[in-house]
Amino acid sequence: MHTIDLIIFLAFTGGIVLMGASFFRKKTSADEFTAASRSLPAWVVGMSIFSTYVSSISYLGYPGRAYASDWNAFVFSLSIPIASYIAARWFVPFYRKQNSVSAYAFLEERFGRWARWYASACYLLTQIARIGSIMFLLALPMNVLLGWDIHWIIVLTSIAIIFYSMLGGVRGVIWADAIQGFIMIGGALACLAVLLFSMPEGPSQAFTMAWEDGKFSLGSLDITSLGESTFWVCLIYGIFINLQNYGIDQNYVQRYHAAKTDRAARNSALFGGWLSIPVSAVFFLIGTALYTYYKAYPGLLPEDMTKGDYVFPYFIVHQLPVGITGLLIASIFAAGMSTVSTSITSAATVILTDYWKPLVKHSSEEGHIIVLRLSSIIVGLLGIVISLALVSVDGILDAWWKLSSIFSGGMLGLFLLGFISRRVQNVDAVIGVICGFVVIAWISAAELLELPPSGIHEYLAIVFGTMTIFLVGFLLAKFIHRKK
């Protein structure tokens, strides 16, 4: 690694760690740690929401997917503005009126504590899987760049992120996210420019070659095919998973609480959603440009480079000019650090609000801070375990989408059941959740459970799980229980 690249990388990443940790206060409160005392401006919260979405899964997974196949996965990003509008219109004002910073306190009010624990447990499993996926992708470029053992890279970088997340709380995380967002965008644009202008005949050659090879395809438009990743499967999956993200995900809900005003919270949701589309397009363009670049220069890519996730890190190391390499490595770290720190802080908040406080009635403010910081450490360590297990997995984007569908557990259906219908009772919700869980298990793990194949793509597990929970609970309330 060139000295200039090393200086740039260390300056950016070290600066972010120090910035996040600088918000540490010896005397603080749980409200300050989890919601920044509702004092942050809209643009900071909006950039933080954007940075939370654009993780290293996006930064490396999207180019890897576009390089290996086409733009089918980009359809997922097209659904984000739909979800962010629904969240800004209905969910944000709803959460701002709640007394608890937890996204799942409402479920306890409607259906009892079991519903809150079910949703929060699904959320914690999702975040641990997410942390593991992102930490693996963070370690990839450093493994290619320096030749260090990928397992040690995962462990050391995770410890650094846990450190500033635990000290700075959500205020430090959100401000660090905002700065990291600008670093991410700048690095991606610089890399894309280098790729396009490195083509033998200029940027137009990349688009011509990619178009001829069908690299811009958004997938089949066959509406009847549910077993393949078609345009409609990706769009429907995107709407459901992003509605869950913007509507009931603690990562996002916590940011709504951190904004100064209700209007600032709504604007931050919209800003983060709309910004994700052009930035996602840049990532897919990078992957497509990588395909055309190595097709134009076939001798530059090693023959044993078969995994799409490894091509972008290889290009960063071997083909980018000095200085840009350091910026790209810092950008990838910025993307991963922002999302991992968010997941750690939000998971710690859920552990405190949904488990510790209901069970330990007389805990002090100092006790709450201790729980938050210890929870941050435990969640981070569990994420490391998942990350180490993913080292042998091919196609990290697909792996993450499958894990998120399984661990989400259809909790969106439970939330919508309580939010939309006041007639649904506790028993209706319980039966709906059980049915939804059976459907998710069948779609996601039919082969493992030795069940007949569902014929439905794994991406749609959350879709059918959500619909099953909602419809079963709603119909039971409508036809069995009568409104008192």
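The values are calculated or read from the model by the stated rules, or taken from the named source; none is laboratory data. Because the structure is predicted, anything quoted here is derived from the model rather than measured. FYI the Cβ positions are ideal-geometry reconstructions off the backbone, even for glycines, and counts take in every protein chain you see. To get the accessible areas, we keep the full protein, side chains included, count just its heavy atoms, and leave off ligands, DNA and RNA. Shrake-Rupley method; radii C 1.70, N 1.55, O 1.52, S 1.80 Å.
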Ala193 vs. criteria modelled with pLDDT of 90 or more, open to solvent by 30 Å² or more (accessible area, probe 1.4 Å) and farther than 27 Å from Ile462 by Cβ: yes
The residue that is nearest to Ala35 (Cα to Cα), considering only those in the stretch 246-297 that are in contact with a strand residue (DSSP E or B) (Cβ under 7 Å, 6 or more places away or on another chain) and not in a helix (DSSP H, G or I), is Ala259
Within the stretch 178-198, is there a residue that is touching a Phe, Trp or Tyr at 6+ places or on another chain (Cβ under 6 Å) and more than 30 Å from Thr342 (Cα to Cα)? yes
(1) in contact with a Ser or Thr (Cβ under 8 Å, 6 or more places away or on another chain); (2) open to solvent by 40 Å² or more (accessible area, probe 1.4 Å): which one isn't true of Thr261, the others all being true? (1)
With the structure loaded, tell me whether Leu60 is within 30 Å of His318 (Cα to Cα), open to solvent by less than 40 Å² (accessible area, probe 1.4 Å) and either of a type in the set (S, T, N, Q) or out of contact with any Gly (no Cβ under 7 Å at 6 or more places or on another chain) (or both) or whether it fails that test. yes
Which one is nearest to the chain's Cα centre (by Cα), of the residues in the stretch 318-336 that are modelled with pLDDT of 80 or more and open to solvent by 10 Å² or more (accessible area, probe 1.4 Å)? Leu327
Can you spot a residue in the stretch 30-43 that is in contact with a Gly (Cβ under 6 Å, 6 or more places away or on another chain), farther than 29 Å from Leu285 by Cβ and in a helix (DSSP H, G or I)? yes
Across the stretch 204-229, what is the total count of residues that are open to solvent by less than 80 Å² (accessible area, probe 1.4 Å), in contact (Cβ under 8 Å) with a residue 60 or more places away in the chain and part of a loop (DSSP other than H, G, I, E, B)? 10
Is there a residue being at pLDDT below 90 and more than 20 Å from the chain's Cα centre (by Cα) anywhere in the stretch 119-136? no
Thr52 passes all but one of (1) assigned to a helix (DSSP H, G or I); (2) more than 19 Å from Leu137 (Cα to Cα); which number fails? (2)
Inside the stretch 456-474, can you point out the residues that are open to solvent by 10 Å² or more (accessible area, probe 1.4 Å) and modelled with pLDDT under 80? His457, Glu458
Failed criterion for Phe23 (all others in (1) modelled with pLDDT under 90; (2) out of contact with any Lys or Arg (no Cβ under 7 Å at 6 or more places or on another chain); (3) open to solvent by 50 Å² or more (accessible area, probe 1.4 Å) hold): (2)
Just to check your reading of the model, which residue among Ala36, Ala115, Ala103 is farther than 21 Å from Val173 by Cβ, hydrophobic (A, V, I, L, M, F, W, C) and open to solvent by less than 10 Å² (accessible area, probe 1.4 Å)? Ala115
Has the stretch 66-87 got any residue that is of a type in the set (A, V, I, L, M), in contact with a Phe, Trp or Tyr (Cβ under 6 Å, 6 or more places away or on another chain) and at pLDDT below 85? no
Is it the case, given these coordinates, that Leu196 is of a type in the set (A, V, I, L, M, F, W, C) and under 28 Å from Arg130 (Cα atoms)? no
The condition of being open to solvent by less than 60 Å² (accessible area, probe 1.4 Å), within 27 Å of Leu6 (Cβ to Cβ), of a type in the set (Phe, Trp, Tyr) and over 24 Å from the mean Cα position of the chain (by Cα) holds, among Tyr310, Tyr293, only for Tyr293
Could you figure out which of (1) assigned to a helix (DSSP H, G or I); (2) more than 18 Å from Val54 (Cα to Cα); (3) at pLDDT 90 or above; (4) not polar (S, T, N, Q) isn't true of Ile236? (3)
